[in-house]
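Notes follow once the structure below has been shown.
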Amino acid sequence: MSDTAAAGSAGRMHKPRKRGRPSTLRLLFNNTLATTGLAVLVAIVLAALAAPLLPLPDPDVTAPADRLLRPLAEGHLLGTDALGRDILSRLIWGTRVSLAVGLSATLIAAFFGSLIGLVAGYAGGRVDTFLMRGVDMVMAFPYILLALAIVAALGPGLINALYAIAVINIPFFARNIRGITIGLSRREFVDAARLSGKSSAAILFGEVLPNVLPVIIITMSTTIGWMILETAGLSFLGLGAQPPQADLGSMLGDGRKILFTAPHVSIIPGLMIFALVMSINLFGDGVRDVLDPRLKSGALTRPVARTAVAQEREAEPRRHSGSVLDVVGLNTQFHIGGDIYRAVGGVDLHLKPGECLGIVGESGSGKSVTAMSLMGLVPTPPGRITAGSAWLEEEDLFSVDDERIRQLRGADVSHVFQDPLSTLHPLFTIGDQLTEAIMAHRPMRRSQADEKAEELLRLVRITNPAERLKVYPHELSGGMRQRVCIAMALANDAKVIIADEPTTALDVTVQAQILSLLDALRRESNAAILFITHDFGVVSAVCDRVAVMYAGRIVETGETEVVLARPAHPYTGKLIDCVPVLGQPGRRLDAIEGRPPVVNNLPAGCAFAARCERAEADCREGDIPLAAFGEGRAVRCLHPLKGEAADA
Amino acid sequence: MAAYIAKRLLAAIPVLFGLSIIVFLIMAMIPGDPATAILGSYATPENVAKLNADLGLDKSLPQQYLIWLGNILQGDFGRSYALNRPVLDEVLERFSATLILAGTALVLCSILGLLAGVVSAVRQYGLADKAITVLVLVGISTPSFWLGLLLILVFAVKIRLFPASGMYAIYGGGDLPDLLHHLFLPALTLAVVATGVIARLTRTAMLEVLRQDYIRTARAKGLTERRVIYRHAFKAALVSVIPVIGIQAGFVLGGAVYIETVFQWPGIGSMLVNAISTRDLLLVQGGVVVVAAAYVLFNLAADVVQTLLDPRLR
């Protein structure tokens, strides 16, 4: 368990920062459960520490006359045990012993385990193999069984139980710490220390150890509860604390013999063990959540089936009557920790049947979010559609109910995604996944669906389709996998195919094949394609029209050839300059200087102004509209290019 | 697949070998002289020397190990001096009782844990999720031996629904319903902690899987949410939970020590505790070796199941 937790925190660890601490503490106190756990734990620890000072009767003085008094008896708040000893006093003194033993066992395990992990991880090679094999051997035993064997050999007794519990917990520390150490030993600051001539020991304890400490603490906080529980368990079995010494476990074990006549004698110490372990676990979980960023604040939140649509959203009427898809005023936002990221800030676009529209932009321009918003595939949380409509023929996709969206997904509107390895399910065969796509919309027998799937594979030019149906995604090449994804998108004669960077993860030659396949298939089936890409080269190959996006808005749109030949927006010009042209080796390949703005804090005026050589004062104020710019073209720029080169 | 299982079985051999070395070394570090321990402190030096020679204790440690290993490979674990019968006979008899208890608990905790984890993930931050999260925390913080006592008090003493101890009724029992009747409380108690651990990990695994691209693909295909979760997400989550169930087998086998003591279940755990108290070390040794070997096989089985589920591992 703690293995994965620790591994997650490895990636982000830097040299310790002073400023990190107060916020860490604040985070911890924001967690009510953790705070409650801490409060209970502190109360128990204080009581245990103060045992000699408290006005308690001697825990070991027997009084046969007062034996087995019930709780709330005169002078004995929690009653007495079989020998007439005061249970409250024994409880507090017993807690003291249990805490001390649990803590010592944790410290011993942490010390030796971390040492083994540090040395194994840093030294690597044979030392590592030898040490970790030993650790594996210890872990090959059922947890408590090895402790029993050790106690059997050393003989029953509290100290021996402590050693046994410590030994069996060493592997947890060794494995966690080794993993982190391996990562750290390859870091620059370790190299620097090595080059400065420091000894291995100095590096290990001076440079590596401070960075490993948080992981040691996490592992301690997750194991100490266990160790207290297990030492109590050994004592319960009569293998730990021996009379007259008593810890919580041996009190429970003694009480067990008179369970039926005086249950309070065993229930009370058990309750104390529970409270102790529970408070430690609550607090430990809180510490882990704070120190392990992966688990922090909704990072592991489950996206729901469909993107949330804001209630206050106002539907927009259709604008292009002949279109199959008509998106009007789309706004999609991400709400993350109080910040609002306007990923899509008012996008209009439309597709005629059989048409291919390219949406082009850098990463972060909002082009994928635009595409994924249509069928509600933007993860919620944090995504949220706040304004606009998406008309699929006569239906507003943001107004229909969930079941209708499900019926449309994969049927009227299908998707092809970027990385075909991660988008196909690794545990199902190609055939399973294809037939599933077919049968989700057209109930039929599996054998029929298999035939249809075979046909689809043939359609996307896959040879031996019957054989391929039986293989798993990882057994195919990247190009083959993407053909399968395209086949899936074609399964139900979609009217619109949304292709989100379908060629980006592929080799250049495979890219060209997939592009010509898509182009041919669209002409055969008359499906419209919404083609998302960052590459103008790809746009010129397949798209009839193109829309260029920047910072969540369309900045230029028009017919592909016209835009390519005479870009009007300076950003479009720069994007086109990024495309290498065969046969022109001398041409400059410009990367666009600067970065796109962060969409939670957009500047007034043109979002591109900061990176634009043509920007003037008026570019930085007011909202700049997407204005008509000749036949079927529009541009969102006050000083558009007029046929001259972009960087003139 | 058969080749894979054969390969894994071969790979288990060095592990078993290592286990035997550890057990042998632990027993070899016993302070004092075993012969004196057996014969008592009034034994004559001659008798001690003779017993040492009989036990092979006059030879070097590696020699002793090889002799011992050779013996256990032939099924000779020695004789329990307290019970005066071969260790192996006693261990196997006891172990079958433990297998019934631990096996039932393992099935219980797998089913309940997976179920709770999936519900928790699907209803993330909902009432069911919060309730399960709290229950899981309580479950993994409760000392199982104490929980067993509480259950006995409530279900055996107060409402007399289940027997408080043993595996069969003393009179007239011995059939399957009688066994199940006796099995219910101890198996449930034994399953609690492992259920919590499995539920927790299943929840995390499901949440991680539900963020994967292939889940988005499944939704984009127009599959029902039920199918997305219970077929696509669950299968992928199961692959990462199976090894955890394998590890939990170890905790369940170990936890059986407590539960068998509390419920007086005639298994190997209560045998070990008694053997430790009576210093019947050969019996301890034999019991530990057999349980540890069984655990190795459990993990092997988990590996095989995982491989069956995940074609990438083949």
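A few notes on this one:
- Selection of the stretch B:158-178 for residues being open to solvent by less than 50 Å² (accessible area, probe 1.4 Å) and outside any loop (DSSP other than H, G, I, E, B) yields only B:Asp178.
- Any hit, the stretch A:557-566, residues being farther than 25 Å from A:Asp326 by Cβ and either open to solvent by less than 20 Å² (accessible area, probe 1.4 Å) or part of a loop (DSSP other than H, G, I, E, B) (or both): yes
- Residues being open to solvent by 40 Å² or more (accessible area, probe 1.4 Å) and away from every other protein chain (no Cβ under 13 Å) - total across the stretch A:368-400: 6
- Cβ-Cβ contacts under 6 Å between residues 6 or more apart (or on different chains), taken from a first residue in the stretch B:56-74 that is closer than 15 Å to B:Phe17 by Cα to a second residue that is among the charged types (D, E, K, R) and part of a helix (DSSP H, G or I), are absent.
- Index of the failed condition, B:Gly254 passing every other in (1) modelled with pLDDT of 90 or more; (2) facing chain A (nearest Cβ under 7 Å); (3) open to solvent by less than 30 Å² (accessible area, probe 1.4 Å): (1)
- Of the helices (runs of 4 or more DSSP H) lying entirely inside the stretch A:135-200, not one contains at least 3 residues that are under 18 Å from B:Gly246 (Cα atoms), assigned by TED's automatic domain parsing to the domain that holds A:Leu103 and of a type in the set (D, E, K, R).
Residues checked against (1) within 10 Å of chain A (Cβ to nearest Cβ); (2) more than 23 Å from A:Ala232 (Cα to Cα); (3) not basic (Lys, Arg):
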| site | (1), (2), (3) |
| --- | --- |
| B:Leu127 | no, yes, yes |
| B:Pro143 | yes, no, yes |
| B:Leu151 | no, no, yes |
| B:Phe155 | no, yes, yes |
| B:Arg160 | no, yes, no |
| B:Phe184 | no, yes, yes |
| B:Ala187 | no, no, yes |
| B:Leu210 | yes, yes, yes |
| B:Gly222 | yes, yes, yes |
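- Among the residues of the stretch A:401-418, those identified as open to solvent by less than 60 Å² (accessible area, probe 1.4 Å) and either part of a loop (DSSP other than H, G, I, E, B) or in contact with a strand residue (DSSP E or B) (Cβ under 9 Å, 6 or more places away or on another chain) (or both) are A:Leu408, A:Arg409, A:Gly410, A:Ala411, A:Asp412, A:Val413, A:Ser414, A:His415, A:Val416, A:Phe417.
- Any helices (runs of 4 or more DSSP H) falling wholly within the stretch B:223-314 and containing at least 1 residues that are in contact with a His (Cβ under 9 Å, 6 or more places away or on another chain): B:234-262
- Total residues in the stretch A:529-554 satisfying the condition of being within 14 Å of A:Lys574 (Cβ to Cβ) and open to solvent by 10 Å² or more (accessible area, probe 1.4 Å): the figure is 2.
Let's see how each residue does on (1) basic (Lys, Arg); (2) within 14 Å of another protein chain (Cβ to nearest Cβ); (3) over 20 Å from B:Gln285 (Cα atoms):
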| position | (1), (2), (3) |
| --- | --- |
| B:Asp58 | no, no, no |
| B:Leu73 | no, no, no |
| B:Arg85 | yes, no, no |
| B:Ala105 | no, yes, yes |
| B:Cys109 | no, no, yes |
| B:Ala116 | no, no, yes |
| B:Ala121 | no, yes, yes |
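- Flag if A:Met439 is in the same structural domain as A:Leu521 (by TED's automatic domain parsing), free of Cβ contacts under 8 Å to residues at least 60 places away in the same chain, open to solvent by 40 Å² or more (accessible area, probe 1.4 Å) and closer than 23 Å to A:Val508 by Cβ: no
- Top-ranked residue in the stretch B:262-279 [being facing chain A (nearest Cβ under 7 Å) and in contact (Cβ under 8 Å) with a residue 12 or more places away in the chain; ranked as farthest from A:Ala241 (Cα to Cα)]: B:Leu272
- Selected residue (criterion: surrounded by the fewest Cβ atoms within 10 Å (Cβ to Cβ)) from residues of the stretch A:144-163 that are small (Gly, Ala, Ser) and facing chain B (nearest Cβ under 10 Å): A:Gly155
- Any hit, the stretch B:142-153, residues being part of a helix (DSSP H, G or I) and either of a type in the set (S, T, N, Q) or not assigned by TED's automatic domain parsing to the domain that holds B:Ala249 (or both): yes
- Unmet requirement for B:Gly78, which otherwise passes all of (1) surrounded by 14 or more Cβ atoms within 10 Å (Cβ to Cβ); (2) at pLDDT 85 or above: (2)
- For the stretch B:238-290, filtered to residues that are touching a Leu at 6+ places or on another chain (Cβ under 8 Å) and among the aromatic types (Phe, Trp, Tyr), the residue that is nearest to A:Phe428 (Cα to Cα) is B:Tyr258.
- Candidates A:Arg133, A:Arg96, A:Arg90 - the one that is open to solvent by 20 Å² or more (accessible area, probe 1.4 Å) and at pLDDT below 90: A:Arg133
- Residue count for the stretch A:366-396 under the criterion of being small (Gly, Ala, Ser) and either part of a loop (DSSP other than H, G, I, E, B) or closer than 15 Å to A:Ile336 by Cβ (or both): the result is 3.
- Looking across the stretch A:260-275, the residues that are at the interface with chain B (Cβ under 9 Å from one of its Cβ atoms) and crowded, with 23+ Cβ neighbours inside 10 Å come down to A:Ser266, A:Pro269, A:Gly270, A:Ile273.
- Summed over the stretch A:442-486, the residues that are among the β-branched types (Val, Ile, Thr), open to solvent by less than 20 Å² (accessible area, probe 1.4 Å) and assigned to a loop (DSSP other than H, G, I, E, B) give a count of 2.
- Selection from the stretch A:487-510 of residues that are open to solvent by 40 Å² or more (accessible area, probe 1.4 Å) and farther than 24 Å from B:Gly222 by Cα: A:Thr504, A:Ala505, A:Asp507, A:Val508, A:Thr509
- Selected residue (only one of A:Pro57, A:Pro64 is surrounded by 15 or more Cβ atoms within 10 Å (Cβ to Cβ) and either modelled with pLDDT under 90 or over 46 Å from the mean Cα position of the chain (by Cα) (or both)): A:Pro57
- The set of residues in the stretch A:473-482 that are away from chain B (no Cβ under 13 Å) and in contact with a helix residue (DSSP H, G or I) (Cβ under 7 Å, 6 or more places away or on another chain) comprises A:Gly478, A:Gly479.
- Complete set of residues in the stretch B:224-241 that are closer than 26 Å to A:Leu490 by Cα, more than 7 Å from chain A (Cβ to nearest Cβ) and buried (at least 24 other Cβ atoms within 10 Å of the Cβ): B:Ala233
- Qualifying residues in the stretch A:227-259 (those that are part of a helix (DSSP H, G or I) and surrounded by fewer than 24 Cβ atoms within 10 Å (Cβ to Cβ)) - the one farthest from the other protein chains (Cβ to nearest Cβ): A:Asp254
The values are calculated or read from the model by the stated rules, or taken from the named source; none is laboratory data. Computed from a predicted model, the values in this text were never measured in an experiment. Note that each Cβ is placed from the backbone with ideal geometry, even for glycine, and that neighbours are counted across all protein chains shown. Calculation scope for accessible area: heavy atoms of the full protein, side chains included, ligands and nucleic acids excluded. Shrake-Rupley method; radii C 1.70, N 1.55, O 1.52, S 1.80 Å.
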